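To keep things clear, I will list the structure first and then write my remarks on it.
The values are calculated or read from the model by the stated rules, or taken from the named source; none is laboratory data. The structure presented is a predicted model; accordingly, all values stated were derived computationally and were not measured. Positions of Cβ are backbone-derived with ideal geometry, glycine not excepted, and every protein chain shown enters the neighbour counts. Surface accessibility is based on the protein's heavy atoms, side chains included, excluding ligands, DNA and RNA. Shrake-Rupley method; radii C 1.70, N 1.55, O 1.52, S 1.80 Å.
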Amino acid sequence: MKVISFIVFLFLFSTTFAQANVHKWKNKTFETYSDKTQVQFVLVNRYNQSADYYLRIDNKSFPTKITLKPNQEVELDITVKTPPSQTTPKKVCTRMVSDSPNSYEVCTNLSFKRH
């Protein structure tokens, strides 16, 4: 019985973190006519405590900390370079850092088609 209780505890503990960092996008594919494109998304802290978030686009990390309270949402604007006559893939990630020894990252793959 102790083993089952421990497994249930681990499952509940892990699912809390799995849903802690949520992105809300209206679109994941964008068409553009300029060399830079600005898009918005909503970052939601589903963790039951305040947490710090850091943004990364592809391999470029941004040092600005975004602190969110439980269930708080914030709209973020990002600008990406879009070369002419190309479809450019971008990976937008947010990493959650809390008082836990681990950090958790959620990523969304985007596509920008430049005309």
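Out of (1) touching a residue at least 60 places away in the same chain (Cβ under 8 Å); (2) open to solvent by 90 Å² or more (accessible area, probe 1.4 Å), what's the single condition that is false for VAL39?
Of everything listed in (1) touching a residue at least 60 places away in the same chain (Cβ under 8 Å); (2) open to solvent by 90 Å² or more (accessible area, probe 1.4 Å), VAL39 misses just condition (2).
I'd like the full set of residues that are open to solvent by less than 80 Å² (accessible area, probe 1.4 Å) and assigned to a loop (DSSP other than H, G, I, E, B), limited to the range 57-71.
ASP58, PHE62, PRO70
Any residue in the range 44-71 that is more than 19 Å from TRP25 (Cα to Cα) and free of Cβ contacts under 8 Å to residues at least 12 places away in the same chain sitting within a Cβ distance under 8 Å of a residue that is of a type in the set (Lys, Arg) and open to solvent by 40 Å² or more (accessible area, probe 1.4 Å)? List the pairs, counting only those 6 or more apart or interchain.
PHE62/ARG56
Could you pull out the residue among ALA51, ALA20 that is modelled with pLDDT of 90 or more, out of contact with any Gly (no Cβ under 8 Å at 6 or more places or on another chain), small (Gly, Ala, Ser) and surrounded by 14 or more Cβ atoms within 10 Å (Cβ to Cβ)?
ALA51
Please give the number of the condition PHE112 fails out of (1) assigned to a strand (DSSP E or B); (2) open to solvent by 90 Å² or more (accessible area, probe 1.4 Å).
(2) is the only condition that PHE112 fails.
So which of VAL106, VAL92, VAL74 ends up being assigned to a strand (DSSP E or B), free of Cβ contacts under 8 Å to residues at least 40 places away in the same chain and within 12 Å of the chain's Cα centre (by Cα)?
None of the others qualify; the one that does is VAL74.
Kindly indicate the residue of the range 75-105 that is of a type in the set (A, V, I, L, M, F, W, C) and open to solvent by less than 40 Å² (accessible area, probe 1.4 Å) and also farthest from VAL44 (Cα to Cα) among those meeting that condition.
So the residue we want is VAL80.
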